[in-house]
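One structure, pasted below without further comment.
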Amino acid sequence: MDLKELLKKCAAKRPEISHQKAFECESELFIKYYWGRKKKEEGTDPTYSAIPQFYFKLPKDDEILSQKLREEARAIFLQRLGRQLLNNNELKALWVLLDKYHSPPHSEEEQLINYEDFLHVATLGGPKCKNYFTAAVFAKLQHGDPYGRINIMALFNYIMRKVWYHQTRIGLSLYDVVGQGYLREVDLENYILELIPTLPQLDGLEKSFHSFYVCTAVRKFLFFLDPLRTGRVRIQDILACSFLDDLLELRDVELPKDLQDTNWFSAPSALRVYGQYLNLDKDHNGMLNKEELAGYGTGTLTKVFMDRVFQECLTYDGEMDYKTYLDFVLAMENRHEPQSLQYLFRILDINNKGYLDTFCLNYFFRAIQEQMTFHGQEPVPFEDVKDEIFDMVRPADPYRIMLQDLLNCGQGDTMISILIDLNGFWTYENRESMAADTNDGPAEV
């Protein structure tokens, strides 16, 4: 009897058991052998008694008590960290000490302090100051003084920045519900929603618009800091970028209008973006179709590009919602940024091969030629444009343009504008005459 028949005969003798029973039996045997082996290893391996447990499983969604306990423990921990930071009164007292103990020879231009007085101030400042008065900090702030001193204003600004950094880190961590060092989209929304009342520049916003403002603000964090679209952003990345500075800049009651216009988080900017969305929505259904989005900007984006946008981006029954529109706007308004180039490169890569070849370039430029013909202009030959693009980008492979090539050449935004926007193409084509007009302008005046 062969092996196959023996296995069939053996299987036929086994009693029939349910799937649930088999699973329970399997789990029971696994636990039995797993713990048996672990106890055996603990008895023979000394590291089990020397290395403490360092991995603790996160509580499950249905473990309410464990979740509440973890949240409370984290809140207490963050509060304790906050109490270890210098408050406003302590910072003022520290400045008085630095001003009092600055080191000779004195100068009218700036106040300097040597290492001995630096350590003396650290002692007088108390235990909260010790982390800021180290040899490494003193060496970092050296600026070539012949007596080896450092500027007390530079030292004080350094301390204030560090205190602000830690305060902000703790403040953001309070919204980190999972406790893993990142904020999900809903966490960011809660943070910004609760931040709105503290920003005087947003006082004029109606409460009915707050949800749209929060969505507008959060999309910038997610678009630039979450390129892999995981739906979460590391707190460390939020602190490292300038977005939080732009957002907190709105605390300034007298913020100039030109700065408000260039700040994505300002009320005028948010209202502008939302107003454009409403103007494009001709049928007033709250969504944008291809024909409506084609009116974006100067209305010169090609139909082929619009088709690809709706193929690659998240849509609902062929229409784009406000969040997807915000991603599109951020990409178009910041074409020189790596995240925007990645977004637009994915749209141009019609074959999903990770590179653009002559076929891809011709596919998009044909639409530019069609628009030129429609406006009564002589189409520019594709071969001329292709050569210029490859000369501009200088790809590692002379026949393929990769995303990294666009990032390296520094002119990826120009190349993309040539392929997707008639206005962008004419701007590039007439760059020399436009530059001449600019140079001639002051002379005419």
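Between residue 154 and residue 51, what FRET efficiency follows from the Cβ-Cβ distance if R0 is 45 Å, with the result rounded to 0.05?
E(calc), rounded to 0.05, equals 0.55.
Turning to a different aspect of this structure: With a/c under 1.5 counting as rounded, go ahead and sort the chain into rounded, prolate or oblate using the C-alpha gyration tensor (a ≥ b ≥ c being the square roots of the eigenvalues; past the cut-off, prolate if a/b is larger than b/c, else oblate).
oblate
Suppose each label sits 7 Å from its Cα in the direction of the beta carbon; what would the residue 210-residue 9 distance come out to in nanometres?
7.8 nm
Give the cross-link partners of residue 353 among the lysines, using a straight C-alpha distance below 20 Å as the criterion and excluding same-chain residues fewer than 8 apart.
In chain and number order, the partners are 386.
Still on this model: At a temperature of 25 °C and a viscosity of 0.890 mPa s, determine how fast the range 83-169 diffuses translationally according to Stokes-Einstein, using the Kirkwood radius over alpha-carbon pairs as Rh; express D in µm²/s, rounded to the nearest whole number.
My calculation gives 186 µm²/s for D.
Straight-line reach from residue 162: which lysines have a Cα under 21 Å away, not including same-chain ones fewer than 8 places off?
92, 128, 130, 140
A further question on this structure: Where nothing but the Cβ of Lys and Arg (+1) and of Asp and Glu (-1) is charged, how large is the charge dipole of the chain around its Cα centre, in debye to the nearest 20?
3080 debye
Can you pull the Kirkwood radius for the range 177-280, inverse mean 1/r over Cα pairs, to one decimal in Å?
That comes to 14.3 Å for the range 177-280.
Same structure, new question: Add -39500 (n - 2.57) for each DSSP H run of 4 or more in the chain, then divide by its residues: what number comes out at 222 nm, to the nearest 500 deg cm²/dmol?
-19000 deg cm²/dmol
Also: What is the Cα centroid distance between the range 62-136 and the range 385-432, reported in whole angstrom?
Using only Cα atoms, the two centres lie 51 Å from each other.
Something else: In the range 127-275, if the dipole is taken from +1 on Lys/Arg beta carbons and -1 on Asp/Glu beta carbons about the Cα centre, which of 222, 183, 127 is farthest to the positive end?
127
Calculated FRET efficiency, residue 108 and residue 248, Cβ-Cβ r, R0 41 Å, to nearest 0.05?
Rounded to the nearest 0.05, the efficiency is 0.75.
Same structure, new question: Suppose every K and R has +1 on its Cβ and every D and E has -1 on its Cβ; what is the size of the dipole of the range 298-431 about the Cα centre, in Debye to the nearest 20?
It works out to roughly 140 debye.
May I ask for the net charge around residue 196, where only other residues with Cβ less than 10 Å from the Cβ of residue 196 are counted and Lys, Arg are +1 while Asp, Glu are -1?
In short, -1.
Continuing with the same structure: Could you let me know the centre-to-centre spacing of the range 158-236 and the range 268-328, using Cα atoms, in angstrom?
The range 158-236 and the range 268-328 have Cα centres spaced 25 Å from each other.
Distance cut-off 29 Å, Cα to Cα: go down the list 68/220; 220/290; 207/290; 68/207; 32/60; 39/60 and report the pairs above it.
Long pairs (Cα-Cα over 29 Å): 68/220; 207/290; 68/207.
Throughout, read-outs are computed from the coordinates displayed, never taken from laboratory work. This one's a predicted model, so the numbers in the text were calculated from it and none came from an experiment. A quick note on method: Cβ atoms are made from the backbone with ideal geometry, for glycine too, and the neighbour counts reach across all protein chains shown.
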